[in-house]
Amino acid sequence: MIIVLGASSTRLENRVADILGCRTVQVERKVYADGESYIRFADDVRGEELTIIQSCSPPQDKSLVEILFMASTAKELGAERVALVMPYFAYSREDMRFLAGEAVGANIVIKLLESVGVDSLTTFDIHNEETMKVFSIEARNLSAMPLIGEYFSRMSLVDPLVMTPDDGRPERAGTVARELGADWTYFEKKRDYVTGKVTTYEKEVSAKGRDVVVVDDIISTGTTIANCVVSLKRQGARDVHVACTHPLLVDGAPCRLFEAGSKSIVGTDSIESPYSVISLAEIIASHI
Ligand code: R5P
């Protein structure tokens, strides 16, 4: 197996390659002045089994085009098999037609990946597990939640409580809570599909004097989790830590979260950020 260090090579891919000690292929990458992408395999990949590791991190469309170019080119150059590890699955939240006429982005990404010859896909904490059923190729969805739980178990949290910001995947809180020997619950929220505004319903939880960890798949603008932090602080929580697998952290999210009262922001290196303190490298290395 040869690991293809993604066109926008990050620390995660290099860590996986170091752990496995296997051969790597670097892909040359350029972006032309007008914004178009260029990639080139400098090494011969004929007959090889390749694993491309590249997250679909911002700018998502550019990352996706690079992934499509790499997979397609590898096959055209005679690669035997192309496995893709794409820790962050961009467009996974567009998993259905919420309003008439909308594009179902998640399904379109799957069609594109399959059409360029990707033979298998590995991702992490995809927004909706149901999306995995759309794949015709081998596809698996791993979770960073046990690692997030382990991370917090090394801190001396006081009477910890774990929460998710909505009832979409409350079991994520359950997984983190198991590592901490803590209990867990969830808030409920509503998103206005036209304005995008998120409303979190007031819910009494037994947070008084306790340290709370709020976990989600994605923190984008931070608005969803900030709503939870405000409610938890109002209810007397001691420290509130926020955590996610995919720290997109756009539009001033860290400020929003700290101003709401978060004690810390914890994410994985699915997307590189100053808050990516947990690495997915070991899990990826053990699965490929
Ligand atoms: C959506 O339901 C996701 O699970 C996240 O809760 C959402 O993407 C977070 O977005 P934001 O940080 O912008 O509120």
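The values are calculated or read from the model by the stated rules, or taken from the named source; none is laboratory data. Note that the structure is a prediction, hence the values are computed from the model and not measured. So basically every Cβ, Gly included, is an ideal-geometry build from the backbone, and we count neighbours across all protein chains shown. Heavy atoms of the whole protein, side chains included, go into the accessibility calculation; ligands, DNA and RNA do not. Shrake-Rupley method; radii C 1.70, N 1.55, O 1.52, S 1.80 Å.
Result for the chain in a Gaussian network model with C-alpha springs under 10 Å: among Ile137, Ile53, Ile225, the largest mean-square fluctuation is at Ile137. Could you tell me the calculated FRET efficiency between Tyr201 and Cys22, based on Cβ-Cβ distance and R0 = 45 angstrom, to the nearest 0.05? The value I calculate is 0.35.
For a paramagnetic label modelled on Val230 (point 7 Å from Cα along Cα→Cβ), amide N atoms under 15 Å away belong, within the range 200-215, to 200-203.
Counted over the chain, the DSSP beta bridges are approximately 15% antiparallel.
Computed from the C-beta positions of Val277 and Arg46, the FRET efficiency with R₀ = 35 Å rounds to 0.30.
By DSSP, the beta bridges lying fully in the range 1-88 are antiparallel in about 30 percent of cases.
Just the protein heavy atoms count here, and of the accessible area of the range 145-269 at 1.4 Å, carbon and sulfur take up 49 percent. Structural descriptor for the range 145-269: relative contact order 22 percent, calculated from alpha carbon pairs under 8 angstrom and at least 6 residues apart.
Between Val158, Val230, Val85, the Gaussian network model of the chain with springs among Cα atoms under 10 angstrom shows the greatest mean-square fluctuation at Val158. For the pair Glu150 and Ala33, label points projected 7 Å from Cα toward Cβ lie 4.9 nm apart.
A DSSP coil position with no more than 10 other Cβ atoms inside 10 Å describes the following chymotrypsin sites (Phe, Trp or Tyr not before Pro) in the range 149-196: Tyr193. Working from Cα pairs under 8 Å separated by at least six residues, relative contact order for the chain is 13 percent. Of the GluC sites (Glu not before Pro) found in the range 1-109, the ones in coil according to DSSP and having at most 15 other Cβ atoms within 10 Å of their Cβ are Glu36, Glu80, Glu102. Lysine pairs in the chain whose alpha-carbon atoms fall under 20 angstrom of each other, counting only those eight or more residues apart or on distinct chains, come to 12.
Loop-located chymotrypsin sites (Phe, Trp or Tyr not before Pro) in the range 76-120 (DSSP state not H, G, I, E or B) with no more than 15 neighbouring Cβ atoms inside 10 Å: Phe98.
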